[in-house]
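Working notes, structure below.
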Amino acid sequence: MNKLIHSIRLILKNRELRNKVIFTLLIVALVRFLAHIPIPLVDHQRLQQIFRSNQFLGLINIFSGGTLANFSIIALGLSPYINASIILQLLTMVIPKLEQLTKEGEYGREIINKYTRFLTLPLTIMQAIGLYFLFQSQGVVVGTTNLLDLASVILVLSAGSLLVVWLGELITEKGVGDGISFLIFIGIIAALPSGLGQVMASLDVIELTSLVTFPILSIVVITAIIYVNEAYRKVRVKYARATQSQTLSISQESYLPVRLNNAGVIPIIFAISLILLPSLFYQVANYMPEFGLKQKLLDFLLLWQPGTSHYYAAYFFLVVVFTFFYTMVTFDPKKVADELKNNNGFIPGIRPGRETVRFLSYILYRITLVGAIFLGIIAILPAISQSLTNVQNLAIGGTGILIVVSVVLELAKRIESELVMQNYDKYV
């Protein structure tokens, strides 16, 4: 606590850092103001019922910064931009030109960010159209629904999403921390009061043991997320240099950090997008005309509906698989081994080349297995928590906790590095 108070005092004393914090808070206030400007023709009571029963919309709401549940003018929020970023990340692994840009430092990142913005626009329009027709079919959009209404809603949603992306990038450029992640974090925190209100409303049917179990479980989960986020395996690396006599001598020793959780929340996004497809197919098949195997198809799809044991088992399995997939394509042992070899680096006791690749792969597989199982547990945490506490309306799910803790840790590191740099500049 004393350290926190000391850090706040240092921030207030430092003019540059204080201005960054004030700028960030002003942007956050603007975004929260926009989040409460609703789009006309919306039945908000019906909207809340849909969000309580649809986990996919709940996840999109998290990445929109909590604005979708209000169907505000920035309802899509950051979801299209995040989807575009994930698509670009995957394309860099299959398109050599994009892969080369990732190796060109700041210039390459700027080009990839520009491509991400270009891709965000069509994704925003498609999501706006899909959202409009989805809510119209569910009775959320009321009143007249002519072509002009459709065009106006799509235009407002698209412009609002691009505005939020721009504000997030302003925070990254002139504020504190990563703006996109910070706005998602603020959206989750802003949704906490209403979530806690729903929990408190059900207290009359919750046992005392559940009230004790819930906070204990929350503390355990937060502690575990912090530990896993900060955990990494140090792989010792030594570097050799050529001397004047053309011999090699050991000049430097370092280590290669292999993180326990390299994938973040991306595997959860991929997994929930697939696991909710049976629900979509069930709705489609239900409206199809009768045919011979229709009932068997409906019974099969019913097994994979949200809340069933099949659903959670498949969800867990998909998160584990996608964690392995994403980690293997972002951390390529062969590329790392080649870079070490090109820089005269080697792992003590391991021969350069093929043996180094095998050694790194062995470490990566074991570490990723632990991280993948952990992410799988976080993904199905609502089901675990509900069974242990009997609390059906959770204030925040496992994915939300993961995002909140990750952003807080990153923000603390960023502020600490800013303070260190300011102190260093005084002595230069």
Once the Cβ-Cβ distance between HIS44 and ILE95 is put in as r, and R0 is 60 Å, what FRET efficiency do you end up with, to the nearest 0.05? 0.90
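Report the calculated FRET efficiency for TYR232 and LEU163 (r = Cβ-Cβ distance, R0 = 30 Å), to the nearest 0.05. Kindly include the intermediate steps, with their values, before the conclusion.
Values: r = 37 Å, r/R0 = 1.23.
Once rounded, the FRET efficiency stands at 0.20.
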What's the local net charge at ILE186, with K and R +1, D and E -1, over the other residues with C-beta under 15 Å away? -1
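Place the peptides 181-191, 358-368, 101-111 in order of packing, highest mean first, counting for every residue the other Cβ atoms within 10 Å and averaging per peptide. Kindly include the intermediate steps, with their values, before the conclusion.
Values: 181-191: 22.2, 358-368: 16.9, 101-111: 12.1.
Packing order, densest peptide first, comes out as 181-191, 358-368, 101-111.
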Along the Cα→Cβ direction, 7 angstrom out, place labels at LEU170 and TYR362. What is the inter-label distance in nm? 5.4 nm
Under the 7 Å Cα-to-Cβ spin-label approximation, LEU155 and THR330 lie apart by a distance in nanometres of 3.9 nm
Proximal charge balance of VAL140 [Cβ under 10 Å; K/R count +1, D/E count -1]: 0
Please work out how much length the chain gains when fully extended from PHE118 to ARG32, using 0.36 nm per residue of separation minus the C-alpha to C-alpha distance, in nm with one decimal. 28.4 nm
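Taken together, the values in this text are just the output of simple stated rules run on the coordinates, not laboratory data. For clarity, every value in this text was computed on a predicted model and none was experimentally measured. Heads up, the Cβs are rebuilt from the backbone with ideal geometry, glycines too, and the neighbour counts pull from every protein chain shown.
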